[in-house]
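**Student:** Sharing a structure with you now.
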Ligand code: C5P
């Protein structure tokens with residue numbers, strides 16, 4: 001069973017992906033971490049993100065064992081990730097890892113921007129999770145504040161809008177809702193309500209309400 005969850009920055013798809021995977025006993029891959037790790041490694045090697053070669057080398061040498069690195073979550077790496085993610089060669093270098101991950105038994109939940117459209121177009125269920133930019137900024141700001149990051153909510157909102165634009169406007173694998181994806185707008189839902197709504201949609205789509213896969 002493969003569940004694809006896409007959506008814009010800070011829409012809550014990561015938290016949702018983790019909980020949905022645990023609910024069905026599936027593996028979970030936060031594909032944003034791949035692009036963040038490529039940006040981290042390219043910068044650590046002294047590379048310039050404007051130089052396609054540095055990100056491509058980092059994407060080809062990426063060690064998946066480093067994807068749990070908590071430093072990947074910084075706003076700066078989110079921004080840098082969206083720059084390297086525009087490069088079709090970087091995306092191609094990360095494709096096989098994501099598809100292999102999805103194919104492993106008993107199945108997986110992958111969250112990102114292009115899972116339902118490019119990585120797993122045949123996923124059993126696709127969700128497109130979104131929320132208003134203001135609500136996403138409010139949530140991300142609270143998270144960052146709790147981690148002691150010194151930033152304002154207005155800056156977080158500006159960052160989110162810039163990333164939305166870059167991710168939706170790029171030529172290769174832009175952020176968009178797959179035609180057969182269910183839309184889940186979490187603007188007025190807390191994480192528990194969003195989780196229940198996601199499970200209801202998935203169970204209904206699988207025709208197996210209440211069954212744990
Ligand atoms: O999801 P997260 O905010 O961690 O992703 C960081 C960046 O990585 C996104 O803004 C996007 O540019 C890129 N990304 C992508 N495709 C994915 C996942 C993330 O282009 N499947």
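**Student:** Residues in region 52-70 that are at pLDDT below 90 and either under 13 Å from residue 38 (Cβ atoms) or in contact with a helix residue (DSSP H, G or I) (Cβ under 7 Å, 6 or more places away or on another chain) (or both): how many?
**Tutor:** 1
**Student:** Moving on to the next point. When you go through 109, 20 one by one, which is the residue that is surrounded by 15 or more Cβ atoms within 10 Å (Cβ to Cβ), outside any helix (DSSP H, G or I) and touching a helix residue (DSSP H, G or I) at 6+ places or on another chain (Cβ under 9 Å)?
**Tutor:** Step by step, each of 109, 20 is checked, and only 109 is surrounded by 15 or more Cβ atoms within 10 Å (Cβ to Cβ), outside any helix (DSSP H, G or I) and touching a helix residue (DSSP H, G or I) at 6+ places or on another chain (Cβ under 9 Å).
**Student:** Assuming residue 90 fulfils every condition listed in (1) free of Cβ contacts under 8 Å to residues at least 24 places away in the same chain; (2) part of a helix (DSSP H, G or I) apart from one, which condition is it?
**Tutor:** Status for residue 90: all satisfied but (1).
**Student:** Could you give me the residue pairs with C-beta distances under 8 Å whose first residue belongs to region 164-188 and is within 19 Å of residue 137 (Cβ to Cβ) and in a loop (DSSP other than H, G, I, E, B), whose second residue is more than 10 Å from the ligand (Cβ to nearest atom) and modelled with pLDDT under 95 wherever it lies, and which are 6+ apart or on separate chains?
**Tutor:** Listed by first residue and then by second, the contacts come to 186/12.
**Student:** Can you confirm whether residue 35 is out of contact with any strand residue (DSSP E or B) (no Cβ under 6 Å at 6 or more places or on another chain) and within 13 Å of the ligand (Cβ to nearest atom)?
**Tutor:** yes
The values are calculated or read from the model by the stated rules, or taken from the named source; none is laboratory data. Bear in mind that the values here come from a model prediction, so they are computed numbers and not experimental data. Backbone-built Cβ (ideal geometry, glycine too); neighbour counts: all protein chains shown.
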